[in-house]
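Here the structure is laid out as structure tokens; the discussion comes afterwards.
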Amino acid sequence: MEEPLLKVNELKKWFPVRTGFVKSMVGGEKLFVKAVDGISFDINAREIYGLAGESGSGKTTTGRLILKLIEPTAGKILFKDKDITNLKPKEFKSYRRKMQIIFQDPYESLNPRMTIGSIISEPLHVQKACKNEREVQEKVAAALDEVQLTPPEEFISRFPHEVSGGQRQRIAVARALVLKPDFIVADEPVSMLDVSIRAEVLNLMVELMEKHNVAFLYVTHDLALARHLCNRLAVMYLGKIMERGYTEDIIYEPMHPYTRALMAAVPVPDPESKRAEVVIKGEIPSPINPPSGCRFHTRCPQYIGDICRITEPKLTNVGKDRYVACHLYSEKT
Amino acid sequence: MLTLKVEDLRTYYKIQRGYVKAVDGVSFGVEKGQALGLVGESGCGKTTIATSLIRVLASNAMIVGGHILFKDLDIVKLTEAELKEEVRWKGISLVFQGAMNAMNPVIKVSDQIIEAIQLHEPNVEKQEALERAGKLFQLVGIDPSRLEHYAFEFSGGMRQRAMIAMALSCNPEIMIADEPSTALDVIVQAQVLQLLRQLKERLNLSLIIISHDLSIIAETCERAAVMYGGKFAETGDIYAVFKNPLHPYTQGLLGAFPGVKAPKTRLISIPGSPPDLLNAPVGCKFAERCKFAMPICRDFDPDLIEVEKDHWVACHLHNKK
């Protein structure tokens, strides 16, 4: 079997909570926001891998950790079998060419004072990827062509505010694409876009994956979109992966009570579908002091007793590439 | 029985370069105890309808035509004093988009609700208002003891519930909810939608729910209206609109909005972007993005006609004449 393109092993990111001066002198327990708290998964080349979860589950932090936009607290990130976790920025620079990101909000991620041409060519200049200006222009035009902003000449000298939201996000895709990366983190790339133009960005991702073998980590809160886009999926809750496996399996047979609750809560654009009662009460607890044992036990409708409260369930293999972290499925302990 | 009837409503915004026709000839009715869903993309005029209904428009906006008939009043013609006396909050209340983030952080939630009650019903004593607030909190599923807390101590979902409680505080017949669940997480969103359905039944409340999300409308409403460029593209019974969409725009929207368990398909996008309502095209506003566009579409704006019982479409494809 082919080696995965990217491997993430027990990755952690704890953000220290700022306390006042006096408190820090007096001492006492140091508090952390455990945004990502020991997660493992791998992404193959030519795959769109979904990372789904509610706000505060740590999915965006995970995306940024992989690209080393923030430094991990612990754990390992392997890209093409090379450990990139502790590379210095200078050493990491050559990897940036292979790993790119598309941010959530195309209204904020594009510099309003740069032309579209200079936005897309900036990575080329930073990476010194071209011999001369002509090559730069050719690559920019090719990238624009790739994201169907044609004819490229018409867009190169315009500014982001002159184009629509969907086109902006395609510019962001072109910027990520121009260095011919192998891996792109797409952080909620369509959540700011109108419904009718979402599909054009998402379908573009699928095309890039098929045509150029680009792998994506698709970070999303929308299970419906994840289901139509992703090959495999991991569901996160409070910094932990609750369940992961093939998207089809998870959608049709969710095993973890949290995944089930999520699936039941996703609204369906069909007035005939039956509406399940919402069984989950309350909202996601604070990641500063996450619940002991299983993090979901405070809201779990299938709470089976002290074990859930005391022991943290391990992510256990329960089928073909299917992992669930829940005592309902763990070996008898 | 219709609680509210809107006829040919037109609301324009005046800007330096002319008039933006945000709502341009919209008619609908709201049945007692039923929910109407207004769905459409940003800039199609959904929120302008909401603010027109209780006349809390921006200073450069004006209702230039049409009628809003509520009880035996025409809201378009009322004076400010009459509006306050008869309509706002007591007749029709509005939960603004993102209102849950607009609560005053330094005033207790109870005082904010009491203020809303006493503003519209000056005869109500503070104690009575507080009791009413407690009952409302129970109704929307928050422990009344939380009344004495501040908004920042509430979670997002609780704040939205509190806003709904506030909107119900003067016993309105109609509540308008503008994007009631955007910015909420999936599970909390499902809780809020369930609350809206319960309120509709328990209080025989009429709802107008505004959303860009078709699935939210499908989950809560009996009727739906799909808006495009300040007009209704299609409206009718929820089953008719969702199960037999006739307008190419509705079809496109439904194609762009996959069900989570629907067969895996390539998502459909509608190329192009919404029309500029300042210089709207002469014919059908959707013509330039429509794959079925015919010459007539660019010249004449189609009327909203009833193609089958309680199913109205504004499209030349379905105009038999």
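The values are calculated or read from the model by the stated rules, or taken from the named source; none is laboratory data. Treat the numbers as computed from the prediction; the structure is a model and nothing was measured. Using ideal geometry, Cβ is built from the backbone for each residue, glycine included, and neighbour counts are taken over all protein chains shown.
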Is there a residue being within 19 Å of residue A:270 (Cα to Cα), more than 14 Å from the chain's Cα centre (by Cα) and of a type in the set (Asp, Glu) anywhere in the stretch B:167-182? no
Restricting to the stretch A:251-281, give me the number of residues that are out of contact with any Lys or Arg (no Cβ under 6 Å at 6 or more places or on another chain), without any contact (Cβ under 8 Å) to a residue 24 or more places away in the chain and among the hydrophobic types (A, V, I, L, M, F, W, C). 6
Restricting to the stretch B:306-321, give me the number of residues that are in contact with a Cys (Cβ under 9 Å, 6 or more places away or on another chain) and without any contact (Cβ under 8 Å) to a residue 60 or more places away in the chain. 1
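The rows are residues; the columns are (1) away from chain B (no Cβ under 11 Å); (2) in contact with a Leu (Cβ under 8 Å, 6 or more places away or on another chain); (3) part of a helix (DSSP H, G or I).
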| position | (1), (2), (3) |
| --- | --- |
| A:235 | yes, yes, no |
| A:262 | no, yes, yes |
| A:268 | no, no, no |
| A:273 | no, no, no |
| A:277 | no, no, no |
Pull up the stretch B:263-305, narrow it to residues that are within 20 Å of residue B:24 (Cα to Cα) and polar (S, T, N, Q), then point me to the one that is surrounded by the fewest Cβ atoms within 10 Å (Cβ to Cβ). B:279
Counting only residues that are among the β-branched types (Val, Ile, Thr), facing another protein chain (nearest Cβ under 8 Å) and out of contact with any Cys (no Cβ under 6 Å at 6 or more places or on another chain), the stretch B:230-244 contains a total of 0
One residue is enough: does the stretch B:168-184 have a residue meeting the conditions free of Cβ contacts under 8 Å to residues at least 40 places away in the same chain, buried (at least 24 other Cβ atoms within 10 Å of the Cβ) and either of a type in the set (A, V, I, L, M) or on the phi < 0 side of the Ramachandran plot (or both)? yes
Where residue B:118 falls short, out of the listed (1) among the polar types (S, T, N, Q); (2) away from every other protein chain (no Cβ under 14 Å); (3) within 17 Å of the chain's Cα centre (by Cα): (3)
Selection count, the stretch B:255-290, where residues are within 11 Å of another protein chain (Cβ to nearest Cβ) and at pLDDT 90 or above: 2
Tell me, please, whether a residue that is touching a residue at least 24 places away in the same chain (Cβ under 8 Å), surrounded by fewer than 21 Cβ atoms within 10 Å (Cβ to Cβ) and within 30 Å of residue A:275 (Cα to Cα) can be found in the stretch B:86-96. yes
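Please determine whether any residue of the stretch B:208-229 is of a type in the set (Asp, Glu), within 24 Å of residue A:283 (Cβ to Cβ) and away from chain A (no Cβ under 14 Å).
No, because not a single residue in the stretch B:208-229 is of a type in the set (Asp, Glu), within 24 Å of residue A:283 (Cβ to Cβ) and away from chain A (no Cβ under 14 Å).
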Can you confirm whether the stretch B:43-56 contains a residue that is of a type in the set (Gly, Ala, Ser) and touching a helix residue (DSSP H, G or I) at 6+ places or on another chain (Cβ under 8 Å)? no
Just one of (1) touching a residue at least 12 places away in the same chain (Cβ under 8 Å); (2) more than 19 Å from residue A:182 (Cα to Cα) trips up residue A:100, so point out which. (2)
Unique match (being on the phi > 0 side of the Ramachandran plot and surrounded by 15 or more Cβ atoms within 10 Å (Cβ to Cβ)) among A:80, A:34, A:98, A:76: A:80
All-but-one check, residue A:151 against (1) without any contact (Cβ under 8 Å) to a residue 12 or more places away in the chain; (2) at positive phi; (3) not acidic (Asp, Glu), failing number (2)
Could you please give the count of residues in the stretch B:251-271 that are under 24 Å from residue B:25 (Cα atoms) and either touching a Gly at 6+ places or on another chain (Cβ under 7 Å) or assigned to a loop (DSSP other than H, G, I, E, B) (or both)? 0
Only residues that are part of a loop (DSSP other than H, G, I, E, B) and touching a Lys or Arg at 6+ places or on another chain (Cβ under 9 Å): list them for the stretch A:299-332, please. A:299, A:301, A:302, A:303, A:312, A:315, A:321, A:325, A:330
I need a count of the residues in the stretch B:217-234 that are in contact with a strand residue (DSSP E or B) (Cβ under 9 Å, 6 or more places away or on another chain), within 19 Å of residue A:268 (Cα to Cα) and surrounded by 24 or more Cβ atoms within 10 Å (Cβ to Cβ). 7
Where the second residue is basic (Lys, Arg) and at pLDDT below 95 and the first is closer than 17 Å to residue B:35 by Cβ and lies in the stretch B:224-236, which pairs have Cβ atoms under 7 Å and are six or more apart or on separate chains? B:227/B:46
Looking at the stretch A:73-108 only, could you name the residues that are small (Gly, Ala, Ser) and touching a strand residue (DSSP E or B) at 6+ places or on another chain (Cβ under 7 Å)? A:74, A:75
Identify all residues within the stretch B:78-96 that are closer than 25 Å to residue B:113 by Cβ and part of a loop (DSSP other than H, G, I, E, B); write none if there are none. B:89, B:90, B:91, B:96
Working carefully through the options A:202, A:217, find the one that is assigned to a strand (DSSP E or B), crowded, with 21+ Cβ neighbours inside 10 Å and touching a residue at least 24 places away in the same chain (Cβ under 8 Å). A:217
If you scan the stretch A:209-224, which residues turn out to be within 11 Å of another protein chain (Cβ to nearest Cβ) and either within 19 Å of residue A:180 (Cβ to Cβ) or among the charged types (D, E, K, R) (or both)? A:222
